[in-house]
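**Q** Pasting a structure below so you can have a look.
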Amino acid sequence: MQSLNKLFYPIKCLTCDQLVEFVYGLCPTCWGESHFIDGGCCDMCATSLIGESQAGDLCDDCLTKPRPWARAAALMVYRGNAKSIVMRLKHSDRTDLAYPVGEWLANSAKPIVEHDTVAVPVPIHWLRGYWRRYNQSILLSKRLSKVLEIDHCPNLLVRKRATRKLDGMSASERRETVAGAISFRGQKAKRVKGRHVLLVDDVLTTGATLTECTNACLAAGARKVSVAVLARVAKKN
Ligand SMILES: [Zn+2]
Ligand SMILES: [Zn+2]
């Protein structure tokens, strides 16, 4: 039946026009350019580590200045096809991508999930949500929580004020820009009180936004916060 369907509805690669064998598959070229992370990264910020590494290893930055969250999992390095996936999901109305990609992210995040984990997406300001009509992080956390069979609390966090786009800013500029921009909804706090929160976002760059979100979750009573992101921007050396 699938081959008959393929005759009438050829299956395209997730990110290009190449025909592929399976629904939600990547063609060999896009697969090769996707830079999936498979070990060898910092346990706390998911940046790639040079040389041999073991589970639990941290990068120099996290050793010097630990993050407020406990652990991070990332699916891909933010370059090549990972950029294309994030851009399509975020700006091209390709909300359908959240289905397969959210499942892949769930697999990456599985090792850091605990018995009481609740998934919480990073919020966008309501005005940005109005124009974009959706928050890609909610789509991802919804799919991830379903695959991992964990609780989902999509509206715990709120962006109190709109911030400028952080692209191109330095780490300190990003920190200043998002400082105090995120808080939690008091009536939702009981959903995370005493529990492990898994923050879900599309990209981790310097971690300024995720730091604000972590602090808001801890203020809401979470016992611990971890992070799951689609793509980790490689640090400049
Ligand atoms: Zn392709
Ligand atoms: Zn690190």
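The values are calculated or read from the model by the stated rules, or taken from the named source; none is laboratory data. Computed from a predicted model, the values in this text were never measured in an experiment. A quick note on method: Cβ atoms are made from the backbone with ideal geometry, for glycine too, and the neighbour counts reach across all protein chains shown. Heavy atoms of the whole protein, side chains included, go into the accessibility calculation; ligands, DNA and RNA do not. Shrake-Rupley method; radii C 1.70, N 1.55, O 1.52, S 1.80 Å.
**Q** May I ask you to say which residue of Gly39, Gly51, Gly32, Gly56 is away from ligand 2 (no atom under 16 Å from the Cβ) and either out of contact with any strand residue (DSSP E or B) (no Cβ under 7 Å at 6 or more places or on another chain) or not small (Gly, Ala, Ser) (or both)?
**A** None of the other options fit; the residue is Gly32.
**Q** Also, quick follow-up: Step by step: first the residues of region 77-94, then only those that are closer than 23 Å to Cys213 by Cβ and open to solvent by 60 Å² or more (accessible area, probe 1.4 Å), then the one that is modelled with the lowest pLDDT. Which residue is that?
**A** His91
**Q** Filter region 20-52 down to the residues that are within 14 Å of ligand 1 (Cβ to nearest atom) and among the acidic types (Asp, Glu), then identify the one that is modelled with the highest pLDDT.
**A** Ranking the qualifying residues of region 20-52, first place goes to Glu33.
**Q** Something else now. Would you please list the contacts, defined by Cβ atoms under 8 Å and residues six or more apart or on different chains, that run from a residue in region 32-51 that is open to solvent by less than 40 Å² (accessible area, probe 1.4 Å) to a residue that is charged (D, E, K, R) and at pLDDT below 90?
**A** Thr47/Lys235
**Q** So His115 clears everything in (1) modelled with pLDDT of 95 or more; (2) open to solvent by less than 30 Å² (accessible area, probe 1.4 Å) except one condition, right? Which one?
**A** In the conditions (1) modelled with pLDDT of 95 or more; (2) open to solvent by less than 30 Å² (accessible area, probe 1.4 Å), His115 misses (2) alone.
**Q** Looking only at region 119-172, count every residue that is touching an Asp or Glu at 6+ places or on another chain (Cβ under 9 Å), open to solvent by 50 Å² or more (accessible area, probe 1.4 Å) and at pLDDT below 80 and tell me the total.
**A** Total satisfying the criteria: 1.
**Q** For the condition among the hydrophobic types (A, V, I, L, M, F, W, C), away from ligand 1 (no atom under 16 Å from the Cβ), outside any helix (DSSP H, G or I) and crowded, with 18+ Cβ neighbours inside 10 Å, what is the one hit in Ala74, Ala106, Ala55, Ala98?
**A** Ala74
**Q** A follow-up question, please. At least 2 residues that are in contact with a strand residue (DSSP E or B) (Cβ under 8 Å, 6 or more places away or on another chain), farther than 23 Å from Leu127 by Cβ and of a type in the set (D, E, K, R) in each: list the strands (runs of 3 or more DSSP E) lying fully within region 166-237 that qualify.
**A** Per the criteria, 224-232.
**Q** Do you know which of the residues in region 59-69 that are in a loop (DSSP other than H, G, I, E, B) and crowded, with 17+ Cβ neighbours inside 10 Å is nearest to ligand 2 (Cβ to nearest atom)?
**A** Cys59
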